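> Starting off with a structure, shown below.
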Amino acid sequence: MEKKILLTGDRPTGRLHIGHYFGSLINRVKLQEEYESYILVADVQALTDNFNNPEKVRKNVREVVLDYLSVGIDPNKATIYLQSMIPEVAELTVFYSNLVTIARLQRNPTVKTEIAQKKEIFGESVTYGFLGYPVSQAADITAFDATIVPVGEDQLPLIEQCREIVRKFNSIYGDILKEPEAYLSNGKRIKGLDGNEKMGKSLGNAIYLSDEPEEITKKVMGAVTDPKRIKKDDKGNPDICMVNYYHNLFSSKEECNEVCSECREGKRGCVACKKQLANNIIETLRPIREKRKYYEERPELVDKILIDGSNRAREKAKETIKKVKKAMKLDYFEN
Ligand code: TRP
Ligand code: SF4
């Protein structure tokens, strides 16, 4: 039986952190065993709101690929590719842009939220490219006949928009494209070290997969704890402490029980509690850090993975564009 096709990816705008790890990366590593997986580094999409900073996007392409490899996305199982190396996706985007109205894009909740957050780059009027990125994302997905798209909840409106484009296309040109389904990563959303609901680069509250042990320790030392605790024998409330929250992700069950009971009884110092957590995070991330180093020291190998992946991806996208152009009567000199 043929494997189902899975496609997902990230905009290369920064290194990946433990929020990405628990939220999506662990899942991708598991799913690569079961599905024909395409993982895209969405550099073209990253430019839609970073067009004035191409250097940032370029630099982060490598960081994101290193992060993928370090967590165990296996280039022999999954195809890791660069969006800009698949011109067929840009072609599809142009064709699909006739099938979606401006009003519909403006109503897309994801796009709406993002535009509101990006006033400093867009001012009062958003670019055509940014408004249209859901169309390009629909091209990303359909170019590979992907039916499974693992994403976070924030991306659901984009998948819905893609499904609408597919239905419209198929109703006009014939049954060519596959309608994808979102696969909600059952991973959890990780709060930031400061207690913010979201871990993010711009929030300065993230632990990166590539952080060195000293950095991890420094960040954990600055995490938000129960503010009422001044002295070690003050009785604390671990439920409002980010250190305890992270112990639950990185420490053993016994350790977690100990943290909670000792904290409540005023028998645990916050500094020691943080040191213990920092060590556990450092140990958990050690294999990831080591694997990252391995690839960092072999840039030609990373290049090769990305080139091979992109070539493989392109072959697949070429099959799709051929079918699409035929259906759209654009197959002029083919026989
Ligand atoms: N929009 C996604 C993000 O911001 C990245 C992305 C681009 C994507 N194309 C995709 C995700 C196709 C899933 C499928 O992270
Ligand atoms: Fe948080 Fe640990 Fe301090 Fe309790 S002892 S407040 S869990 S850091």
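Every number here is computed from the coordinates shown, using simple stated rules; none is lab data. Here the structure is a predicted model, which is why all the values come from computation and not from measurement. Here Cβ is always computed from backbone atoms with ideal geometry, including for glycine, and neighbour counts include all displayed protein chains.
> Per residue of the chain, what 222 nm ellipticity follows from adding -39500 (n - 2.57) for every DSSP H run with n ≥ 4, rounded to the nearest 500? Spell out each step's value before the answer.
On the way: 15 runs with 178 residues, N = 335.
Mean residue ellipticity, 222 nm, calculated: -16500 deg cm²/dmol.
> Report, in listed order, any pair from LYS218/LYS291; LYS112/LYS325; LYS198/LYS231; LYS198/LYS275; LYS59/LYS118; LYS3/LYS59 with a Cα-Cα distance greater than 25 Å.
Too far apart for the 25 Å limit: LYS112/LYS325; LYS198/LYS231; LYS3/LYS59.
> Can you tell me the orientation of helix 133-142 relative to the chain, as the angle in degrees between its alpha-carbon axis and the longest Cα principal axis, to the nearest 10?
80 degrees
> Next up: Tilt of helix 87-96 relative to the longest C-alpha principal axis of the chain, in degrees (0 to 90, nearest 10)?
70 degrees
> Further question: How do ILE121, ILE230 rank when sorted from fewest to most other Cβ atoms within 10 Å of their own Cβ? Before the final figure, lay out each step's value.
Numbers: ILE121 16, ILE230 8.
Taking fewest neighbouring Cβ atoms as first place, the list is ILE230, ILE121.
> Right, something else. So if I take the centroid of the Cα atoms in the stretch 223-298 and the same for the stretch 308-332, what is the distance between those two points in Å?
50 Å
> Out of the GluC sites (Glu not before Pro) in the stretch 188-236, which ones are loop residues according to DSSP with at most 10 other C-beta atoms within 10 Å?
Counting only loop positions with at most 10 other Cβ atoms within 10 Å, the GluC sites (Glu not before Pro) in the stretch 188-236 are GLU197.
> To the nearest 20 Debye, how big is the dipole of the stretch 261-311 about its Cα centre, given +1 on the beta carbon of each Lys and Arg and -1 on that of each Asp and Glu?
Numbers: 12 positive and 9 negative charges, 86 e Å.
Its charge dipole is roughly 420 debye.
> Additional query: What is the fewest-to-most order of LYS168, LYS228 by other Cβ atoms lying within 10 Å of their Cβ?
Fewest-to-most ranking of LYS168, LYS228: LYS228, LYS168.
> Using a 7 Å offset from the Cα along the Cα-to-Cβ direction at both LYS293 and THR113, what is the distance between the two label points in nm, to one decimal?
3.8 nm
> For the stretch 213-292, what is the charge dipole size about the Cα centre, in debye to the nearest 20, if Lys and Arg each add +1 at the Cβ and Asp and Glu each add -1 at the Cβ?
That gives a dipole near 220 debye.
> With the crude spin-label approximation of a point 7 Å out along Cα→Cβ, what separation in nm comes out for ASP233 versus ILE26?
Modelled inter-label distance: 3.9 nm.
> Okay, next question. What is the helix-to-structure angle for 253-265, meaning the angle in degrees between its Cα long axis and the longest Cα principal axis of the chain, kept from 0 to 90 and rounded to the nearest 10?
Tilt of helix 253-265: around 50 degrees.
> In which sequence would LEU301, LEU209 go, from the one with the fewest C-beta neighbours within 10 Å to the one with the most? Present the calculation step by step, with values, prior to reporting the outcome.
On the way: LEU301 13, LEU209 23.
Listing LEU301, LEU209 from fewest to most nearby Cβ atoms yields LEU301, LEU209.
> Pairs of Cα atoms under 8 Å, at least six residues apart: use those to get the relative contact order of the chain, whole percent.
Here the relative contact order equals 22 percent.
> Also: Mind putting a number on the dipole of the chain about its Cα centre? Charges go on the C-beta only, +1 for Lys and Arg and -1 for Asp and Glu, and I need it in Debye to the nearest 20. Present the calculation step by step, with values, prior to reporting the outcome.
Numbers: 54 positive and 51 negative charges, 84 e Å.
The dipole of the chain has a size of about 400 debye.
> Bins of 20 Å, beginning at zero and ending with the bin holding the largest distance: percent of Cα pairs per bin for the chain, please.
All Cα pairs, binned at 20 Å, distribute as 28, 51, 18, 2, 0 percent.
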